[in-house]
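Peer 1: Sharing a structure, written as structure tokens. Questions coming.
Values in this text are rule-based calculations from the coordinates and carry no lab data. None of the values given here were measured: they were computed from a predicted structure. When we count neighbours, we look across all protein chains shown, and the Cβ atoms used for this are built from the backbone with ideal geometry, even at glycine.
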Amino acid sequence: PNLETFHLIREFSDLKIVKAITGPCAAHSVFITDDGDVWVLGRNEKSQLGVGDMEPHAFPMKVPTIYTTNTKKTTHVKFVDAAVGRHHTILIAENGAAYGAGDNKMGQLGNDSHKEHLSFVQISSLGKEKARHVSCGAEFTMILTEKDQLWAFGSPEYGQLGNKTNGQYLQQSNRLVHIPQTTPLLVGGQLKDKKITQVSCGTNHTLALTDDGMVYSWGFGGYGRLGHSKQEDLWTPMPIEHFSGSVQLTRAAKIAAGSSFSMALDGQHQFWLWGKWKTTGDGGGGTPWMYPRTLYDLNGWSFKMLAGGNVTLFCLPSAEPCTIAWGQGAVHSELGYGEGEARSSTKPDKIRPLEGLTMLDVSCGLGHSLLLSNPSQEKLQDIPKWPVLEVEEHCIECLSAEDEESMLLCDKCDSGTHLHCTVPRLQVVPDVDWFCQSCTRTKEKNKTKTSGDGDVAPSPSSQGAKPSAKRKAPVAKGNAKKSKASHGSDDESE
């Protein structure tokens, strides 16, 4: 069944996630930890998860460690960014190298094999260029380098690579096909000599933001998603007139592309939207917004982050601790309004179960949405965890169900342990997240496996020790944490 409200991902309870990433046409997701490890979940029919198979993974799975050898020293690669297309995934390493997995029939992985890659392979065709950010369309990839330049590869359809062509030619039997672009091409045109700070891809179009606040768009022009007041494909970047004024505050500070629409925040952090962002009515397929416009319902709001999915739109306010979302046709509860609430909405609204919580980032995909939360918030104790586990009403150490009031629950698996059975023994409920012996051993075992040269693996004697500072979380309420039954329930009052 669909998750009708946002849940904490149980597997990440003892990890610090710094990036949670999906895309407008993707039904899979990527998570990056502060240690540079990568976890994935979702559809995998083209091996887009990069874990060596083509089976879907409904629960998070850690990507096998990738090693690199430099000056006779072998270390494991740490990742800092990622992006996902319909059936492919790109990872950006700390050293600027790019890796890809999944579908490659249009060269979206940057090589000419045209076959699925079951595991992540380095995109050597970038040469000496060092990547710092990446964004993916359905079948193409945009790499932003440390030189603030943009490199493109994959399907050239609709001119979405920005290289002055759509790569189309007439094959036998009067069939039109597109020539795959398997090696990165520098996106030039009007972006030549410009410093690009952000890039965002929709299904078949791209937005680029320069350091002077101008927004450039190219690719599929249907439904006005390019913001140029006409439905024409553009094969090379063109500045959007609305963000080309002389007043800096009217230029753009952030950009985001949805499947068939585009968004931006201006210098005053006001929200702008254009394209086809709903199914019917003004802004729908019949009357799309051909140029950037504001939404009346969001007038006066200041935002820090925004994201667009297949049909969903999310905004994170600058000051108020809440999340605003809307989207017509969101039939999979990806708006997360809550159990029994509307699944779809044509008007922006607060996600009621998340009121009072500050979110750091948001990413929207096909049929699902991801939010990255500030961990030091007491209200997180009220958010259900996924998956919901069966309850065992006894201490996992002494197997006694007595003295339930002194039972401490593991913040990852919800297993109960009496305070006097904990190792080391605790006198009171700790004011940080606490994990049982089993979860602690599993975490330390995984960490030891991925430790390379220059990494310090934890010693066996440290297992079961007090969690490190990076595990800090909300202060526990009362003398004992909530019972397992209530911790995983969707019926808790806010």
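Peer 1: Under 15 Å from a point placed 7 Å out from the Cα of S246 along the Cα-to-Cβ direction: which residues of the range 203-228 have their backbone N that close?
Peer 2: Under 15 Å, as judged by backbone N against the label point of S246, lies no residue of the range 203-228.
Peer 1: Next question, about the same structure. For the range 1-79, what's the relative contact order in percent, using C-alpha pairs closer than 8 Å and at least 6 residues apart? Each step should come with its number before you reach the end.
Peer 2: On the way: 115 pairs, mean separation 15.4, N = 79.
Dividing the mean separation by the residue count of the range 1-79 yields 20 percent.
Peer 1: Now, a different point. Between the range 1-48 and the range 265-330, what is the C-alpha centre distance in whole Å?
Peer 2: 24
Peer 1: Give the cross-link partners of K62 among the aspartates and glutamates, using a straight C-alpha distance below 12 Å as the criterion and excluding same-chain residues fewer than 8 apart.
Peer 2: Partners within reach: E11, D37.
Peer 1: Please determine, in degrees from 0 to 90 and to the nearest 10, the orientation of helix 437-450 with respect to the longest principal axis defined by the Cα atoms of the chain, where the helix direction is its Cα long axis.
Peer 2: Roughly 40 degrees, rounded to the nearest 10.
Peer 1: With contacts defined as alpha carbon pairs under 8 Å and 6 or more residues apart, what's the relative contact order of the range 140-220 in percent? List each step's numbers first, then the result.
Peer 2: Numbers: 159 pairs, mean separation 22.9, N = 81.
For the range 140-220, the relative contact order is 28 percent.
Peer 1: Apply the a/c threshold of 1.5 to the C-alpha gyration tensor of the range 283-354 and tell me whether it is rounded, prolate or oblate.
Peer 2: Numbers: a/c = 2.03, a/b = 1.08, b/c = 1.88.
Taking the square roots of the gyration eigenvalues as a ≥ b ≥ c, the range 283-354 is oblate.
Peer 1: Of K73/K254; K230/K254; K254/K445; K16/K192; K164/K347, which ones are farther than 30 Å apart at the Cα? Mind showing how you got there, number by number?
Peer 2: Numbers: K73/K254 40 Å; K230/K254 23 Å; K254/K445 40 Å; K16/K192 38 Å; K164/K347 38 Å.
From the list (K73/K254; K230/K254; K254/K445; K16/K192; K164/K347), the Cα-Cα distance tops 30 Å for K73/K254; K254/K445; K16/K192; K164/K347.
Peer 1: Please label the shape of the range 76-116 as rounded, prolate or oblate, based on the square roots a ≥ b ≥ c of the eigenvalues of the alpha-carbon gyration tensor (a/c under 1.5 means rounded; beyond that, a/b larger than b/c means prolate, else oblate). Write out the running numbers ahead of the final one.
Peer 2: Working: a/c = 2.85, a/b = 1.90, b/c = 1.50.
Because a/c hits 1.5 or more and a/b exceeds b/c, the range 76-116 counts as prolate.
Peer 1: Right, here's the next one. Would you mind calculating the relative contact order of the chain from Cα pairs under 8 angstrom and at least 6 residues apart, reporting the percent as a whole number? Intermediate results must be reported in sequence, preceding the final value.
Peer 2: Details: 1341 pairs, mean separation 57.4, N = 494.
Here the relative contact order equals 12 percent.
Peer 1: Assuming a ≥ b ≥ c are the square roots of the Cα gyration tensor eigenvalues, decide whether the range 139-286 counts as rounded (a/c under 1.5), prolate (otherwise, with a/b larger than b/c) or oblate.
Peer 2: On the way: a/c = 2.30, a/b = 1.28, b/c = 1.79.
It is oblate, given that a/c is not under 1.5 and a/b is not larger than b/c.
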